[in-house]
Amino acid sequence: MPLILPLLLAVLLFCLGVYGVLARRNAITILMSFELMLNAVNLNLVAFDAWRLDGLATGQTLAVFVITLAAAEIGLGLAIVLLLFRGHGHVDADTARDLREQPELQENEL
Amino acid sequence: MTMTWTDWQAIAVPLVLALGAITVLLADALWRTGSKQVRHTVITLITGAAILFGLAFIAVQRNSVKPAFCRPAVEGPAQCSLVFEPLTVGLWAVLLIGGLGVVGLSAYRLLDVDIPVGEYHFLLLSALTGATVLAGARDLATVVIALEVVSLPSFAMVALRRDRRGSEGALKAFLVSVLSTAVMLFGISYLYGVTGSLYLQTIVTRLPAIDPDLRRVAFAAGLFVIVGFGFKIAAVPFHGWLPDTYAGAPVEVAAFLAVVSKSAGVGGLLVLVTFGVAPSGSSLRTVVCILAALTMTVGNLAALRQAEAVRLLAWSSIGQVGFLLAPLAVGDAQAAVGYLAAYVVVTLGAFGAVAVVQRHRPAGLLTDYRGMVRSEPGLGVALVFFLVVLAGLPPGLAGLFTKFAAFQAVLDAHIGWLAAVMAVNVMIGLAVYLRWIAELFRLPADDPFSVDIENPAVAVISTCAGAAVVLSILPSTLFALVT
C-alpha cells in the first residue's frame, strides 16, 4: 500500500476532530473529537513505522503510549464533565461562564 | 535492556517523588485514626521529605553528567532518553523549590477545608514527578508522556474543591490542554516520519540533511510542536484559558499552576528548542520570538485593567512568560533559567500573601489591600518587595538583573525589534505593579486589613522575601544555576 493513503486518512480524521472541537458545544462530543485527533496521530505513527522499518518499532511503541495517554485523558475528562454536570446541570462547554471577567468592576476601579 | 547504575542515579529524584506520592495516598487512605491536624502534618512532612531528597541529590551531584537509558547508535554518539546535566540541575532546583513552597502554603489550616488532603498532596507529587522527568527528557516520547504527567494532575487539583467555579476552570484548562497535546503529537508524528527517530539528538543531526521537499513538512511539524507547548505555557494567542482557571482554582492551586506547571512547560520548551526541534538559525526560532513579543505585550496590557488580585497575577504571569520566551528563543539557557528562578521565588511569595488576604476577604479585590503597609507592616512590605522584583525596579535587583540578562541575550543575537518590544513592556509592567503597590500605601477608606497570620504562611512568605533579598544582593547565584 502506498504511504499516501494512510496519511491522507489521518489528515482527514484530524481535521474532523478539529472541526468537532471548534464547532460542537457538548463537552462529551468534544471529548470524542479528541479521540479522533489522537487516533489520526496513531495512524500516522504506524504508517511511518511500516514505511521506515527502523528495527526499533519506534512508531508502534509511541502509538501504544498514545493509546494509554488517550485513556487517561478521557478518564479525567469524564470526571471533570461529571462534576460540571453536578454543579451546572448541563455539559455545555460554552455556557459555563461563571468565571468570565466582569467589565463593570473594572470601570469602577479605573 | 538492563538498567545500569547511571540510569538509576538519573531517575532517583523522579522515582523518590513518585514513591512519595504513593506513600502519601496510602497513608491517607489506610490511616483513619488520629486528629485531622496530626494526619495533615504527617502528610505535609512526607511530601516535604520527598522534595528535600531531590534538592539534596542535586546539591551533591550538581557537577556530574549522567546520560541514562542510552542505546548505541549506528553512527555518532549513543542516543539517550534522559540526561542529568547542569541544565537539568538548574531546572530541577527551580521546580523542586517551587513545589516545596506550594507544600508550605498548603499546610494545616492554610489549605482550603473542602480539599481532601491526601489526594491533594498525591497529585502535587505526581505533577512534580512529571515536571522533573520533563526537564531531563531528551526524546520526544518521554517529553510527551512527562508533559501529560504534569498536566493531568494539575487539572484534577483545580477541580479538587468540587464546586462550580473549580469545575468550570478545570474544564477550560483540560479542553485546551488535550487539544494542545493532540496538536503536538500530530507534529511529532510528522517529525518522526521525516527524520525516522524520536531522539532529539538524532533529529537535530538529521534535520539539516533531509530531502528539500520534506523541509516544509519538517517546519510545519516543528511549528505544531511549538504551538502545542504554546497552549501549555499560555503564550498569546493560546492564553484564553489561564485567567479563568486561576480565578476558579483555590489560591494554593493557582500558585502551583503559576510556579510548577509553568516552569515545567518553559523547561520542556527550553529542552526542545535548544536540543532538537529548532536548532540555531532555524526559522522556528523567529516564530518563538514573535510569540514572545505578543505574549508580553498582551499579558501586560490586560494586567493593567484587572481589579482582582489573582487575575492580575494571572495576566502578569502571562507577561512574565513573554519575557522568559525571549532568551529561550535565542537559546540562552542560563538567562532563561535565571529569570525563571527569580520569577518562581517572588510569585510564590505574592501568591502566599494573596492567600492570606483572600482567606479573610474572599472577594479578592485590589482595594482589599488598601493601607496594608500600615495595618499589617510585615506582610505589606514583603508583598511590595515581591511586586517590585516582578516589575524589575530597584531595590528588587533580582528582577532587574534577570530582565537585563534577557535583554543582553536578545541583543547578542541581533534581534533589535524584540529588544525594543521588551523595553516598552518593562514600562507597561511598571504601571501594572505600581497600581497594586499604590493601593498598599493608600489611606484606607474603612477598617484596614489586619489579622493573625498563621505560622506556616509567615514562614513561607518570609523565606521567599529573604530569598528575594539575598538574590537581589547576590544576583550571580541565579545565573550560577546553569553553568
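The values are calculated or read from the model by the stated rules, or taken from the named source; none is laboratory data. Since the model is a prediction, treat every value here as computed from it, not as a measurement. Counting neighbours? That spans all protein chains shown, and the Cβs are built from the backbone with ideal geometry, glycine included. With ligands, DNA and RNA removed, areas are computed over all heavy atoms of the protein, side chains included. Shrake-Rupley method; radii C 1.70, N 1.55, O 1.52, S 1.80 Å.
Legend: residues B:TRP5, B:TRP436, sorted from most to least accessible area (1.4 Å probe; ligands, DNA and RNA excluded), read B:TRP5, B:TRP436. Full extension of the segment from A:ALA23 to A:ALA71, taken as 0.36 nm per residue of separation minus the current Cα-Cα distance, would add 15.0 nm.
Think of it this way: in the protein assembly as shown, A:CYS15, B:CYS289, B:CYS464 stand alone, with no other Cys Cβ under 4.7 Å.
A helix-only calculation puts chain A at -26500 deg cm²/dmol for mean residue ellipticity at 222 nm, using -39500 (n - 2.57) for each DSSP H run of at least four residues, averaged over all residues. Couplings 3J(HN,Hα) of segment B:306-317, computed from phi: 7, 10, 9, 5, 5, 5, 4, 5, 5, 5, 5, 5 Hz, in residue order, whole Hz [Karplus 6.51 cos²θ - 1.76 cosθ + 1.60, θ = phi - 60°; x for Gly and Pro].
Return the inverse of the average 1/r over all pairs of distinct C-alpha atoms in segment B:398-464, which is the Kirkwood hydrodynamic radius, in Å to one decimal. Value: 15.5 Å, from the Cα pair sum. For segment A:24-62, accessible area lost to neighbouring protein chains reaches 40 Å² or more, against the chain alone with a 1.4 Å probe, at A:PHE34, A:VAL41, A:ASN44, A:PHE48, A:ARG52, A:LEU56, A:THR58, A:LEU62. If you sort A:GLU101, B:GLU454 by accessible surface, 1.4 Å probe, largest first, the order is A:GLU101, B:GLU454. Solvent-accessible area per residue in segment A:4-109 equals 54 Å², computed with a 1.4 angstrom probe and all protein chains kept.
Residues in segment B:50-156 average 31 Å² of solvent-accessible surface per residue, probe 1.4 Å, ligands and nucleic acids excluded. The three principal axes of the Cα atoms in the protein assembly as shown give end-to-end lengths of 77, 55, 49 Å, sorted in falling order. The value of relative contact order for chain B, using C-alpha pairs under 8 Å at least six residues apart, is 15 percent.
Of B:GLY268, B:ALA467, B:LEU434, which is farthest along the charge dipole of chain B in the positive direction, counting Lys and Arg as +1 and Asp and Glu as -1 at C-beta? Of the listed residues, the answer is B:LEU434. Within the full protein context, the accessible area of B:PHE238 is estimated at about 40 Å² for a probe radius of 1.4 Å. Put simply, chains A and B cover up around 4300 Å² of each other's accessible surface, both sides summed, when a 1.4 Å probe is used.
Checking a compactness column here: for segment B:67-214, what do you get for Rg(Cα) / (2.2 N^0.38 Å), N being the number of residues? Compared with the compact-globule rule of thumb, segment B:67-214 sits at 1.29.
Per residue of B:183-196, other chain Cβ atoms within 10 Å of the residue Cβ number 6 on average. Counting Cβ atoms of other protein chains within 10 Å of each Cβ in B:131-141 and taking the mean gives 1. Share of carbon and sulfur in the accessible area of segment B:280-483 stands at 69%, probe radius 1.4 Å. The reciprocal of the average 1/r between distinct C-alpha atoms defines the Kirkwood hydrodynamic radius, which for segment B:186-345 equals 16.2 Å. For segment B:280-483, the solvent-accessible area with a 1.4 angstrom probe is 36 square angstrom per residue.
The A:GLN60 and A:ASP94 beta-carbon pair, evaluated with R₀ = 35 Å, returns a calculated FRET efficiency of approximately 0.40.
Taking all Cα-Cα distances within segment A:4-109, those exceeding 16 Å account for 67%.
The phi torsions of segment B:214-231, fed into the Karplus equation with coefficients 6.51, -1.76 and 1.60 and a -60° offset, translate into couplings of 8, 4, 5, 4, 5, 5, 4, 5, x, 4, 4, 5, 5, 5, x, 5, x, 4 Hz, rounded to whole numbers, with Gly and Pro shown as x. Taking a straight line from the alpha carbon of B:LYS172, these lysines sit under 22 Å away, with near neighbours fewer than eight places off in the same chain left out: B:LYS232, B:LYS262. Considering only alpha-carbon pairs that sit under 8 angstrom and 6 or more positions apart, the relative contact order computed for segment B:352-483 is 37 percent.
Considering helices alone, the calculated mean residue ellipticity of chain B at 222 nm is -24500 deg cm²/dmol, with DSSP H runs of length four and up weighted by -39500 (n - 2.57) and normalised per residue.
Annotation: amide H-H contacts under 5 Å for B:ARG361 (H modelled 1.01 Å from N, sequence separation of 5 or more, or interchain): none.
Heavy-atom accessible area, probed at 1.4 angstrom with all protein chains present, ranks B:TYR199, B:TYR433 as B:TYR199, B:TYR433, highest first.
Stokes-Einstein diffusion for segment B:181-225, with the hydrodynamic radius set to the Kirkwood value over Cα pairs and evaluated at 10 °C in a medium of 1.306 mPa s, equals 155 µm²/s. Full extension of the chain between B:TRP5 and B:VAL65 yields a length gain of 20.3 nm, computed as 0.36 nm times the residue separation minus the alpha carbon distance. Considering only alpha-carbon pairs that sit under 8 angstrom and 6 or more positions apart, the relative contact order computed for segment A:4-109 is 26 percent.
Spacing of the modelled spin labels on B:ASP213 and A:LEU5, each 7 Å from Cα toward Cβ, amounts to 2.0 nm. The fraction of all Cα pairs in segment B:280-483 landing in successive 10 Å bins from 0 to the largest distance is 9, 36, 33, 16, 5, 1, given as whole percents. For the peptide A:79-90, the mean number of other protein chain Cβ atoms found within 10 angstrom of a residue's Cβ is 5.
A cut-off under 13 angstrom between Cβ atoms defines the neighbours of B:GLY322, and their net charge, with Lys, Arg +1 and Asp, Glu -1, is +2. Please give me the summed charge of the neighbours of B:VAL117: other residues whose Cβ is under 10 Å from its Cβ, Lys and Arg +1, Asp and Glu -1. Taking every other residue near B:VAL117 into account, the sum is 0. Cut-off under 16 Å on the C-alpha distance; same-chain residues fewer than 8 positions from B:LYS403 excluded. Which aspartates and glutamates are left, in chain and number order? Reachable aspartates and glutamates: B:ASP332, B:ASP412. Counting only protein heavy atoms and a probe of 1.4 Å, the accessible surface of segment B:165-235 is 66% carbon and sulfur. Taking amide H as placed 1.01 Å from N in the peptide plane, B:GLN79 has its amide H under 5 Å from the amide H of B:ARG71, B:ALA73, each at least 5 places away in sequence or on another chain.
Using only C-alpha positions, report the orientation-averaged shadow area of the convex hull of chain B, nm², one decimal. Result: 22.1 nm². For segment B:49-137, the Kirkwood estimate of the hydrodynamic radius, built from every pair of different alpha carbons, is 14.8 Å.
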